[in-house]
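Working notes, structure below.
The values are calculated or read from the model by the stated rules, or taken from the named source; none is laboratory data. Just so we're clear, the structure is a prediction, and the values are computed from it rather than from any experiment. Reconstructed Cβ throughout: ideal geometry from the backbone, glycine too, with neighbour counts over all protein chains shown.
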Amino acid sequence: MKINKSKCSLVGFGLSPSLVNNLASGWGCVVGDWPMMYLGLPLGGNPKAIGFWEPVLEKVQRRLQKWKRAFLSRGGRLTLIQAVLSGIPTYYMSLFKTPVSVINKLEKLMRSFLWEGVEEGKRDHLVKWERVAKSKEEGGLGVGSLKEKNEALRAKWLWRFPREPNSLWARVVKSKYGSTSNGWEAIPATSVTSSNPWKDISAGYHYFLQCCRFEVGNGNRVRFWEDSWVHEGLLKDSFPRLFVLSSKHSLSIDQFVDSQVFPHSWDFGFRRNLNDRETAEAIEMLEILEGFRLCASKRDRRRWDLEASGLFTCKSFQSFLRNKGSAATFFPFSNVWKAKSPPKVKVFVWLVVLGKVNTSDLVQRKRPFMYLSPNWCVLCKLGEESADHLFLHCPFSLSLWGLLWREVGTVWVIPERCADFFCTDFVVWGLGKRASTLWGCLVHSVFWNIWIERNRRIFEDYKGVGVSELWDRVKYWAALWASVTEDFKDYALSIILRDMAAVVI
């Protein structure tokens, strides 16, 4: 490898311009200015200023040109947002706190790209961005909130600080700000200078420490009262009265007990004798400590409580910040997102489950003076069109579902709501993996083809097809999606179409 001198620049500090020019000429590079760019980041800039983030905004805008929306489905737009738009600011956000105005601009670009078309004017955003930002397991699209992502990326440094004590950056932080007595955290910065990233990083200790728990070994680096090392949480919060009476604040566990004696004899250093109420609390605390034992040959360890591995991940901390520790479960997750249909179909099915597709009843509520026929279903011409009616209870759709039940050899009662449908775990053709794959494709294909048929009848000069012909389309698309999966790599599309029951055995 060789250094490309044409891409290098020399910046001088406290040197005369003539000397810098001579050095640059001898090296064969240009003279740079301050602040300068290094690995994509402006060194010496003010991260609280909007101008500092202009390169990020420009990159995002270049990838959000309107013409790209015309060639991408919603599934494609979602993929682009996740892979590119959310990835561009990561390098910046891993170190600096992003101003709220910059986050709002970035998320506005992302919202518009996902929901709006190429023509001028604002389009309906079918789902609130707060819901879209949630993970798929929680009922969103997994885009993520940039504010929470920024906090999670900066919290990574809090995790790495005690694990990399000999690294250059950790030694610089420790020498400048100092560290706590047990060495797990650096002391939060108090400087008011705008270019102090550690101040913003250390401001996240409150939520970060709620997700950490200590595994005690020899007990010389874990504080008895102030650290979380028992399942009940901080002992100073569980027993505040005893904490006030103790003279051993900020001391490690090994200062409270003789590790050579088991069961351990605890010395809490109370300043006076306890009354009856305080004695009862002390007994309760001793019950929590019962069976605990120090191990002199084992070092104390801090683990991340949100992951089974005990290691920090930005994803888990983002979820914690978003839900404050109480994440809601999206029960249709598996039936919506684990199916082998294309991304655009999965996004559409997700909208159906949430009741956010633009059926007549929804459009009527949004624009009561613009829509003319809210009570007319284009497929049956009998009832009011809603998502539940169109996909489940319309006589035309019921006939299509009947053909599906006949194909899989089962009988089932259609639920009242689409969300209930996708919350049900169906067992058809046995429990094999190929059966599950093909069944998921068939269900998604039914919903997708009903929607396509409905839209063609409304927006095109199209009289429609019968149930049997639409069923053939459902089978074709389901077989096509299944044929490109790993489960059906040995089966041609024509074989799957000929006898679906045979290929899943």
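Give me the helices (runs of 4 or more DSSP H) completely within the range 132-246, filtered to those with at least 1 residues that are surrounded by 15 or more Cβ atoms within 10 Å (Cβ to Cβ) and outside the structural domain of L289 (by TED's automatic domain parsing), ordered by residue number.
Helices (runs of 4 or more DSSP H) meeting the threshold: 146-160.
For the range 47-79, filtering for residues that are within 24 Å of the chain's Cα centre (by Cα) and closer than 30 Å to M36 by Cα leaves 8.
Rundown of residues vs (1) in contact with a helix residue (DSSP H, G or I) (Cβ under 8 Å, 6 or more places away or on another chain); (2) exposed (fewer than 12 other Cβ atoms within 10 Å of the Cβ); (3) closer than 23 Å to S334 by Cα; (4) modelled with pLDDT under 85, yes/no style:
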position	(1), (2), (3), (4)
R367	no, yes, no, yes
P374	yes, no, no, yes
E385	yes, no, no, no
L392	yes, no, yes, no
S397	yes, no, no, no
L403	yes, no, no, no
D420	no, no, yes, no
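Scan the range 86-104 for residues that are surrounded by fewer than 18 Cβ atoms within 10 Å (Cβ to Cβ) and modelled with pLDDT of 90 or more and the total you get is 4. Would you confirm whether or not the range 450-463 contains a residue that is within 18 Å of V336 (Cβ to Cβ) and in contact (Cβ under 8 Å) with a residue 60 or more places away in the chain? Yes, there is a match, as at least one residue in the range 450-463 is within 18 Å of V336 (Cβ to Cβ) and in contact (Cβ under 8 Å) with a residue 60 or more places away in the chain.
Criterion applied to F243, F208, F239, F224 was being under 30 Å from Y92 (Cα atoms) and at pLDDT 90 or above, and the one residue passing it is F208.
Only one of the numbered conditions (1) in a strand (DSSP E or B); (2) at pLDDT 80 or above is violated by M37, and that is (2). Take the conditions (1) under 16 Å from the mean Cα position of the chain (by Cα); (2) under 30 Å from R223 (Cα atoms); K136 misses just one of them, which is (2).
Only one of K381, K344 is surrounded by fewer than 21 Cβ atoms within 10 Å (Cβ to Cβ), assigned to a loop (DSSP other than H, G, I, E, B) and of a type in the set (K, R). Can you tell me which? Step through it out loud before you land on a result.
Values: K344 fails: assigned to a loop (DSSP other than H, G, I, E, B).
On inspection, the qualifying residue turns out to be K381.
Give R277, R322, R272 a once-over and let me know the one that is surrounded by fewer than 14 Cβ atoms within 10 Å (Cβ to Cβ) and part of a helix (DSSP H, G or I).
On the way: R322 fails: surrounded by fewer than 14 Cβ atoms within 10 Å (Cβ to Cβ); R272 fails: part of a helix (DSSP H, G or I).
Matching residue, one of R277, R322, R272: R277.
Please go through the range 471-505 and pick out each residue that is assigned to a helix (DSSP H, G or I), closer than 19 Å to K344 by Cβ and not polar (S, T, N, Q). Let's see the steps before the verdict.
Going through the range 471-505, the residues assigned to a helix (DSSP H, G or I) turn out to be 471-483, 486-488, 493-498, 500-503.
Filter again for closer than 19 Å to K344 by Cβ, leaving 473-474, 476-483.
Result: R473, V474, Y476, W477, A478, A479, L480, W481, A482.
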